[in-house]
Amino acid sequence: MKILVTGGAGFIGSHLIDRLMEKGHDILCLDNFYTGNKNNVLKWVGNPHFELIRHDITEPIRLEVDQIYHLACPASPIHYQHNPVKTIKTNVLGTLNMLGLAKRVSARILLASTSEVYGDPDIHPQHEEYNGNVNCTGLRACYDEGKRVAETLAFEYHREHQTDIRVARIFNTYGPRMSENDGRVVSNLIVQALQNKFLTIYGDGTQTRSFCYISDMAEGLIKLMNGNYIGPINLGNPDEYTILELATIIHKMTKSNAQLIYKELPKDDPKKRQPDITKAKFHLDWQPQFSLERGLELTIQHFQDQLFE
Ligand code: NAD
Ligand code: UDP
Ligand code: UDP
C-alpha cells in the first residue's frame, strides 16, 4: 500500500514509519520540520519505497495514496504555545486539507487526536463518552480546541462524504527520539538527571499522568488503522504515576545526583490523566506491553547515547 504519514519526521511518526517500511509499504513522509528532524528518518532516505516531502499541511497538496496517518502537529506545550495561531491553523486548516485529500482519493485517514480533548478532566479515568472540560480561552486551547475541531471535521467528512476515518485519542507517549529540548516531562527529567542538573517539578508534583511507551503506541495506531472500529478510541497506558513518582524512578534509574527544584505550575495543567482502554482492548485487541521501568530503561539509554557520544 501507498501510505502518507504527515508529521512523519516527528517522534511518533518516525517510529510508525519504521514499522510500515518493515511491513513493505511505500511511504510518503510529509513534514515541515517545525519540531521534527530529518535524522529521525535518515535511514530510509534513498530507499526507493520512501519519499520525504517538505510541506506545510496548512497549504493544500495533491498526492495519490491509499492510507493517511495524520500526525502533523507540535505535541509539546512549549512548542504548540510558541505560535498558538499556527497551532490552530495546523489542526484546523491542516486537517481540512488532509480530509479533502482523503476524500478525493478515497483513502482511509487516521487522525492523531489527544487526551487533551478531555482538558482538565472531572471524571477519572477518562472514557470516550466523556465530553471533556476544556478552557476555550486558556493557553492550552490552541491545541485542545484545535484537536477537538479536527475530530469534528473528521466525523463530518465521514457523515457527509463517507470518508473512511479513524480517530485515536493518544495519551502521553514517550521513548527514544524525543528531542532533548522537547520540553515534555519524561525527556526533561531524563536529560536533567543524566546531566546532574535540577529536576524541574512543576507545581507540587502531585498531578498525575499515565505514560505509554512508543512501540506500544505505534502498534495501537496500526491496529486502529487496519481494523473496523472508527473511534474515537483512547490509546495509552493506564498505569498512572504522580510527577514526583516519575522523578523518583528516573532519579534512581539514572543513579543521578540531581536535586529537585519546584517551579510554578503552568495554567490549566490537568491534575489527573489516565486512559480507560476498555474499548481498545475490545475493538483492537490491544493493550500496552511495556512497563514504565522497561520503557524508561530504553529511553534513558537513547538519551545517554545522544548526550554523551
Ligand atoms: P512531534 O512534535 O515530535 O511531531 C509532530 C511532527 O509534525 C513534527 O515532525 C513537525 O515538524 C510536524 N509538523 C508540525 N506542524 C506541521 C505542519 N503545519 N505541516 C507539516 N508538518 C508539521 O510530536 P509527536 O509526539 O510525534 O506527536 C505526533 C502527533 O501525535 C501529534 O498530532 C500530537 O498531537 C499527537 N499526540 C502525541 C502525544 C504524545 O504524547 N507524544 C499525545 C497526544 C497526541
Ligand atoms: N485538498 C487538498 N488536496 C486534495 C484535495 C483537497 O489539499 O487532494 C484541500 C482543498 O484545497 C481544500 C480542502 O482540502 O482546501 C478540503 O477539500 P474539499 O474538496 O473537501 O473541499 P472544497 O475544496 O470543496 O472546499
Ligand atoms: N512537568 C514537570 N516538569 C517538567 C515538564 C513537565 O513537572 O519539566 C509536568 C507538567 O506540568 C505536567 C506533566 O509534567 O503536569 C506532564 O507534562 P507534559 O508537558 O509532558 O505533558 P502534558 O501536560 O501535555 O500532559
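Couple of notes before you dig in:
- 1 or more residues within 12 Å of ligand 1 (Cβ to nearest atom): qualifying strands (runs of 3 or more DSSP E) within segment 119-219: 165-170, 208-210
- Qualifying residue in segment 153-169 (condition: within 23 Å of TRP286 (Cβ to Cβ) and among the small types (Gly, Ala, Ser)): yes
- Check on ALA168, buried (at least 22 other Cβ atoms within 10 Å of the Cβ) and within 16 Å of ligand 2 (Cβ to nearest atom): no
- For segment 124-152, a residue qualifies if it is under 21 Å from LEU284 (Cα atoms) and crowded, with 24+ Cβ neighbours inside 10 Å, and exactly one does: GLN126.
- In segment 57-72, the residues that are in the same structural domain as ILE27 (by TED's automatic domain parsing) and within 11 Å of MET98 (Cβ to Cβ) form Cβ pairs under 9 Å with partners that are aromatic (Phe, Trp, Tyr) and in a loop (DSSP other than H, G, I, E, B), at six or more places apart or across chains, as follows: ALA72/TYR34.
- Scan of segment 171-181 for residues that are in contact with a helix residue (DSSP H, G or I) (Cβ under 6 Å, 6 or more places away or on another chain) and either surrounded by fewer than 22 Cβ atoms within 10 Å (Cβ to Cβ) or not aromatic (Phe, Trp, Tyr) (or both), ordered by number: THR173, GLY175, PRO176, ARG177, MET178, GLU180
- Within segment 243-281, considering residues that are among the basic types (Lys, Arg) and free of Cβ contacts under 8 Å to residues at least 40 places away in the same chain, the one nearest to ligand 2 (Cβ to nearest atom): LYS281
- Looking only at segment 151-161, residues that are in contact (Cβ under 8 Å) with a residue 12 or more places away in the chain and away from ligand 2 (no atom under 13 Å from the Cβ) come to 2 in all.
- Residue within segment 140-150 that is acidic (Asp, Glu) and within 16 Å of ligand 3 (Cβ to nearest atom) present: yes
- Matching option when the condition is within 17 Å of GLY138 (Cα to Cα), surrounded by fewer than 23 Cβ atoms within 10 Å (Cβ to Cβ), under 13 Å from the mean Cα position of the chain (by Cα) and not small (Gly, Ala, Ser), among PRO77, PRO121: PRO77
- Here is the figure for segment 186-202: residues that are within 7 Å of ligand 3 (Cβ to nearest atom) and within 10 Å of SER76 (Cβ to Cβ) total 1.
- Answer from ILE61, ILE88 - the residue that is closer than 14 Å to LYS147 by Cα, more than 16 Å from ligand 3 (Cβ to nearest atom) and among the hydrophobic types (A, V, I, L, M, F, W, C): ILE88
- The criterion of at least 2 residues that are over 19 Å from the mean Cα position of the chain (by Cα) is met, among strands (runs of 3 or more DSSP E) falling completely within segment 222-274, by 260-263.
The values are calculated or read from the model by the stated rules, or taken from the named source; none is laboratory data. What you see is a predicted model; the values in this text were computed from it and never measured. Note that each Cβ is placed from the backbone with ideal geometry, even for glycine, and that neighbours are counted across all protein chains shown.
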